[in-house]
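Every number here is computed from the coordinates shown, using simple stated rules; none is lab data. Note that this is a predicted model, so its numbers are computed, not measured. Here the Cβ positions follow ideal geometry from the backbone for every residue, glycine too, while neighbour counts run over all protein chains shown.
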Amino acid sequence: MLLPSFVYAQNAEGENAFITLVNPVRVSVYTKDLVSSIASQYSEISKRSLPATWLFTYDVLENPEVSDFVKQMDQKQDLGIFLEVTPNFAKSAGVVYNKTDSWHRSNSVFLSGYSQEDRKKLIDVVFDKFKSNFGYYPKSVGAWWVDSFSLNWMKEKYNITSTLG
């Protein structure tokens, strides 16, 4: 498959606009080898010398092989957190996971499915995990949906500057 060398964007007024490549990364039954999957995506991005944002779930951050690979990426890559609550993530934060008939129910996977105190615990644990892996707190976060309380907590405590929603 041939991909374009250049991509241009303009808003409705014809002014230049920006495209941001964002790669949410999660542990999945569909991904046989997480590092290989990330490496494949990164290869295409680095061939074109593009900046991209990589958002990692807590479960991905627990994989030292992923962290080791990601540390070798160029400085154009922005690293951040993808906020999906999993049983493992909840347990690590000392929070009772909202188990439902499916992991993707909003009160299971979204921070807003948990009390404000539990949201703080979840956020603090994933930010601390990120910092222990990479030596700094991320500026970017993302999720299917992030509530205003959680965004404010991350802005005030961790000084995030962007969110993918």
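Sequentially through the stretch 19-26, phi angles give Karplus couplings (6.51, -1.76, 1.60; θ = phi - 60°) of 10, 10, 7, 10, 10, x, 10, 9 Hz, Gly and Pro residues having no value and appearing as x. Shown in residue order for the stretch 100-110 are the 3J(HN,Hα) couplings computed by the Karplus curve 6.51 cos²θ - 1.76 cosθ + 1.60 at θ = phi - 60°: 10, 6, 8, 4, 8, 5, 4, 7, 9, 8, 8 Hz (x for Gly and Pro).
If a spin label sat at a point 7 angstrom from the Cα of residue 91 along the line to its beta carbon, the backbone N atoms of the stretch 14-47 nearer than 20 Å would be those of 26-30.
For residue 48, nonlocal amide neighbours, meaning residues 5 or more places apart or on other chains whose placed amide H falls under 5 Å from its own, do not occur. As a rough guide to protection, the peptides 79-86, 91-98, 119-126 ranked by mean Cβ packing within 10 Å, highest first, stand as 79-86, 119-126, 91-98. Per residue, the Cα convex hull of the stretch 58-161 amounts to 99 Å³.
Quick one: angle between helix 148-158 and the longest Cα principal axis of the chain, in degrees between 0 and 90, rounded to 10, please. Compared with the principal axis, the helix lies near 80 degrees. Derived scalar couplings between HN and Hα for the stretch 43-57 equal 4, 5, 5, 6, 4, 9, 6, 9, x, 8, 10, 10, 10, 10, 6 Hz in order, rounded to whole Hz, by the Karplus curve 6.51 cos²θ - 1.76 cosθ + 1.60 (θ = phi - 60°), x for Gly and Pro. Under a 5 Å amide H cut-off, with hydrogens placed 1.01 Å from N, residue 53 pairs with 21, 22, 23, 78 among residues at least 5 apart or on other chains. Note on residue 107 and residue 162: their simple-model spin labels are 3.5 nm apart, each label 7 Å out from Cα toward Cβ.
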